[in-house]
1. Take F96 and tell me if it is part of a helix (DSSP H, G or I) and either of a type in the set (A, V, I, L, M, F, W, C) or surrounded by fewer than 19 Cβ atoms within 10 Å (Cβ to Cβ) (or both).
2. Looking at segment 36-90 only, could you name the residues that are in contact with a helix residue (DSSP H, G or I) (Cβ under 6 Å, 6 or more places away or on another chain), in a helix (DSSP H, G or I) and surrounded by fewer than 16 Cβ atoms within 10 Å (Cβ to Cβ)?
3. Just to confirm my filter: which strands (runs of 3 or more DSSP E) fall fully inside segment 100-182 and include at least 2 residues that are of a type in the set (S, T, N, Q) and either touching a Cys at 6+ places or on another chain (Cβ under 8 Å) or at pLDDT 95 or above (or both)?
4. Read through the list (1) farther than 26 Å from P44 by Cα; (2) touching a residue at least 60 places away in the same chain (Cβ under 8 Å), then give the number of the only condition that L88 fails.
5. If the requirement is being out of contact with any His (no Cβ under 8 Å at 6 or more places or on another chain), under 21 Å from V52 (Cβ atoms) and touching a residue at least 40 places away in the same chain (Cβ under 8 Å), which of these qualifies: S148, S120?
Amino acid sequence: MNRLTIRSLILLAVIALGALYVVRQPHAQGTEKVAVKNMEQLKPTAQDLAPVPKVEKSDAEWKKQLTPEQYAILRGHSTERSCSSVLLTEHRRGVFHCVGCNAPLFASDAKFESGTGWPSFTQPFIPGIITTVKDRSFGMDRDEILCSRCGAHLGHVFDDGPAPTGLRYCLNGLALKFEERP
């Protein structure tokens, strides 16, 4: 084989691998709601809505409260491995709270299966409980979501979610704890 043929075959193989990679990537467009027993929309309790001061702690206090993995995510803006969260398959009726300050962030009736490998929601449980900031890390332009109460990094929000909002709040499961509600 001559060099031109070998180069052409290598180029074709690279293009084929690239196409295969793109096709195999999860996409949020294939979303589905998973049925829970009580489909009535969850309403915030008086305790959920009670004003709570912002939580401010030193790095040492955060390290004492959180596991090393939680600290890396909440304070270091890291991301957990895809499909690693037990909350990915949590389908009971309830509320997902911030593991840093216990703020009620998302309700189970806003959760959906996005196919991305991270717990995904269409909207926050209470307006104003999430803060959005621009994230230009890793050469990408994304919207990072933070807990408004303690400033913890939770994940990112994307505009490829299902109705009614068209948004996909993509969360690190280690940033959340689940409270079952009737």
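1. Values: part of a helix (DSSP H, G or I): no; either of a type in the set (A, V, I, L, M, F, W, C) or surrounded by fewer than 19 Cβ atoms within 10 Å (Cβ to Cβ) (or both): yes.
When the stated conditions are applied, F96 does not pass them.
2. Within segment 36-90, K63, E69 meet the criteria.
3. Working: elements: 104-107, 130-135, 142-147, 153-158, 168-171, 176-180.
Counting at least 2 such residues, we get 130-135.
4. Here L88 clears every test but (1).
5. On the way: S120 fails: under 21 Å from V52 (Cβ atoms).
Step by step, each of S148, S120 is checked, and only S148 is out of contact with any His (no Cβ under 8 Å at 6 or more places or on another chain), under 21 Å from V52 (Cβ atoms) and touching a residue at least 40 places away in the same chain (Cβ under 8 Å).
The values are calculated or read from the model by the stated rules, or taken from the named source; none is laboratory data. Model, not experiment: these values are computed from the prediction. Every residue, glycine as well, gets a Cβ built from its backbone with ideal geometry; the counts of neighbours run over all protein chains shown.
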